[in-house]
1. Mind running the shape call on the range 281-320? Use the C-alpha gyration tensor, a ≥ b ≥ c as the square roots of the eigenvalues: rounded below 1.5 for a/c, prolate if a/b tops b/c, oblate otherwise.
2. If you average the sequence gap of Cα pairs under 8 Å that are 6 or more apart and divide by the length of the range 1-108, what percent do you get for the contact order?
3. Along the charge dipole of the chain, Cβ charges K/R +1 and D/E -1, which of 231, 32, 126 sits furthest on the positive end?
4. Of 285, 325, 338, which is farthest towards the positive pole of the range 274-389's charge dipole, taken about the Cα centre with +1 and -1 on the beta-carbons of Lys, Arg and Asp, Glu respectively?
5. Taking the Cα centre of the chain as origin, sum charge times position over the Cβ atoms of Lys and Arg (+1) and Asp and Glu (-1), and report the length of that vector in debye to the nearest 20.
6. With +1 on the Cβ of every Lys and Arg and -1 on the Cβ of every Asp and Glu, and nothing else charged, how large is the dipole of the range 1-117 about its Cα centre, in debye rounded to the nearest 20?
7. Quote the accessible area belonging to residue 362 in square angstrom, nearest 10, computed with a 1.4 Å probe and with ligands, DNA and RNA left uncounted.
8. Give the shape of the range 1-64 as rounded, prolate or oblate, defined through the alpha-carbon gyration tensor: a ≥ b ≥ c are the square roots of its eigenvalues, a/c under 1.5 means rounded, and otherwise the shape is prolate if a/b is larger than b/c and oblate if not.
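The values are calculated or read from the model by the stated rules, or taken from the named source; none is laboratory data. In this text, all values refer to a predicted model and were calculated from it rather than measured experimentally. Heads up, the Cβs are rebuilt from the backbone with ideal geometry, glycines too, and the neighbour counts pull from every protein chain shown. Just the protein is used for accessible areas: all its heavy atoms, side chains included, with ligands, DNA and RNA removed. Shrake-Rupley method; radii C 1.70, N 1.55, O 1.52, S 1.80 Å.
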Amino acid sequence: MSVVAVDGFAAAGGHVGIKGAGQPDCAVVACTTPAPASAAAVFTTNLAAAAPVTVARAHLAATGGRARAVLVTSGNANAATGAGGVAGAEALCAAVGAACASSPTEVLLAQTGLIGVPFDFAGVAPAVAALCATAGTTDAHGAAAARAILTTDAVPKTHLGVHEGFRVGAMAKGAAMLAPNLATMLAVLTTDAACGPGLLGELLRDAVAPTFNRVHVDGSTSTNDTVCLLASGLAGPVVPERLGEALTEACASLARQMVDDAEGATRTATVTVSGATSDHQAHIAARAVAGSLLVKCSLHGADPYWGRVVAELGAAGVDFALDRVTVRYGNTVVCSGGEPAPHDAAAVAAHLARRQVELDCDLGLGGGRASVLCCDLGPGYLDENRSTS
């Protein structure tokens, strides 16, 4: 049920004419309470930010963090489309605002798809308004919305967290251009907890940092990354720490689903670096290993070539002493003190044959620790990306 399993929200998904052959390409999530929801969002750090990012940022600022609806379209990123792209994005928000009896500035927009390709906003806007009229709260409505936002994803990504006194629902898309900060990803989260926009923004940023910002598929940062959070308030206030934990849980679930569904991926790996001189240095080192094309290729081949791992740790720019390094696949140490360690090769092979892999590196220098979620790199990724997609 995802976003619609939370009191105060309805959703719809369907075809509005961006993609061909009647494919689903648009979703709306709307707050049904008399007053707009509290709203917060986190956006891409890419300086080539798309028109919907520009518009959504402006709308949040104009309303002081209030929103009636989030519109998500798929099939065209509306990025690098100039002033016409911004005008078109505003027109879509106006269409949703009219359909929801709200101001256009109370509509947040997220878009995904091809970059640098204009499309006919005027032709799409009436269909978008018509889609808003079909919004509902059933499982089918939530499922349709989650499917309509996909691009190269194989499956929808949803989450529902039922907590004491409140709920958090979520849906997302993302399968490539996954690297910090955020990914080629769009996510919409809903909660019925009551929370003001300022605190909501803090909690969302805190939830994004160890989840969406700790994934790596291909090292690319999209022009469109957007995570929106709406709070209807119908469940009343909750302890901020509890809401923050629930949001982190939701983001972590979606992040793993995205890496599991990464283009061409055959296995997902959690790269953990411990023993660093700080958590920050551990994160830098873990990201260096997770982002290494050589390590990713080894993961695809289920090849425990730990030499590539040690080389990336040594080049990561963090405090490092080779004679203190330990590398472990699953529970099996393959490198100790920067040298080969006698080990059960069959146990390593069995671990690397799994869909979910653990790669642990101990630098032996301190108490810093961090993890990054990544996937392997193989022919499937190249097949998807060697032409425009």
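1. Numbers: a/c = 2.92, a/b = 1.98, b/c = 1.48.
Prolate shape, in that a/c is at least 1.5 and a/b is the bigger ratio.
2. 26
3. Result: 126.
4. Result: 285, furthest along the dipole toward the positive end.
5. Computed about the Cα centre, the dipole is about 420 debye.
6. 80
7. 60
8. Details: a/c = 2.22, a/b = 1.04, b/c = 2.14.
Because a/c hits 1.5 or more and a/b fails to exceed b/c, the range 1-64 counts as oblate.
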